[in-house]
Amino acid sequence: MLCTWARDHRVTGTGVDISTVFTEKARARAAELGVADQIDFVHGDASGYVADEPVDLAACVGATWIGGGVAGTVELLGRSLRPGGLMLIGEPYWRQAPPTQDVIEGCRAGSRADFRMLPELIGHFGDLGYDVVEMVLADQDSWDRYQAAQWFNLRCWLDQNPMTSWPPMCGPNSPQDPHATCSTPVSTSAGASLR
């Protein structure tokens, strides 16, 4: 995302990821797009990252665990944000109340409290002192494509990094069928811009 923004909008920025694989791929993508001089990638734990200088936009897409949830992530990103800046948060939400614990766990959640319904999520941003100024919601097709790409990338990585013992959710006899988890009608994701 940062590489594309740098190419398309001439932004500068810093991306932080705990995975060396992701930071290496991001650096390669920046070089491929000719924007390596505009952006930097830091291998580190984003849960403690605060920019040296206030930024116009702080983003966390799909990783609000870095702040222990939405509230902590908003607080963490807010420490890097200049007054009047924008915050981009990508967060899953329940499209409908999950009927059983099995459905909740099928959505990779431990409890119903792990996600909110969309109106609750929007209200939560307001309770934290931010206005939602724009939102992009994943529909079922785009969410399925996102999930399928994750499974494909995981499969390619596992093929390139053979293991004698597979993690239980990743092996060839995995109980986590990617087709079953991709098309749940219960949860999806929202990208919200906050000010």
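Observations on the structure shown:
- Among residues of segment 1-12 that are in contact (Cβ under 8 Å) with a residue 24 or more places away in the chain, those with a beta-carbon under 8 Å from a residue that is part of a loop (DSSP other than H, G, I, E, B) and hydrophobic (A, V, I, L, M, F, W, C) at least six positions away or on a different chain give the pairs Leu2/Val11; Cys3/Leu33; Cys3/Val35; Thr4/Leu33; Ala6/Leu33; Ala6/Val35; Arg7/Leu33; Arg7/Val35.
- Residue check for Thr4: surrounded by fewer than 14 Cβ atoms within 10 Å (Cβ to Cβ), within 23 Å of Gly85 (Cβ to Cβ) and either modelled with pLDDT of 95 or more or among the polar types (S, T, N, Q) (or both): yes
- Restricting attention to segment 123-155 and to residues that are under 23 Å from Gly78 (Cβ atoms) and charged (D, E, K, R), the residue that is most open to solvent (accessible area, probe 1.4 Å) turns out to be Asp127.
- Taking the criterion of being on the phi < 0 side of the Ramachandran plot and out of contact with any Ser or Thr (no Cβ under 7 Å at 6 or more places or on another chain), the residues of segment 55-75 that qualify are Asp56, Leu57, Ala59, Val61, Ala63, Trp65, Ala71, Gly72, Val74, Glu75.
- Residue selected from segment 16-52 under the condition over 15 Å from the mean Cα position of the chain (by Cα) and of a type in the set (Asp, Glu), by the criterion nearest to Thr73 (Cα to Cα): Asp52
The values are calculated or read from the model by the stated rules, or taken from the named source; none is laboratory data. Bear in mind the structure is a predicted one, so any value in this text is a computation, not a measurement. Don't worry about glycine lacking a Cβ; one is built from the backbone with ideal geometry, like all the others, and counts go over all protein chains shown. Just the protein is used for accessible areas: all its heavy atoms, side chains included, with ligands, DNA and RNA removed. Shrake-Rupley method; radii C 1.70, N 1.55, O 1.52, S 1.80 Å.
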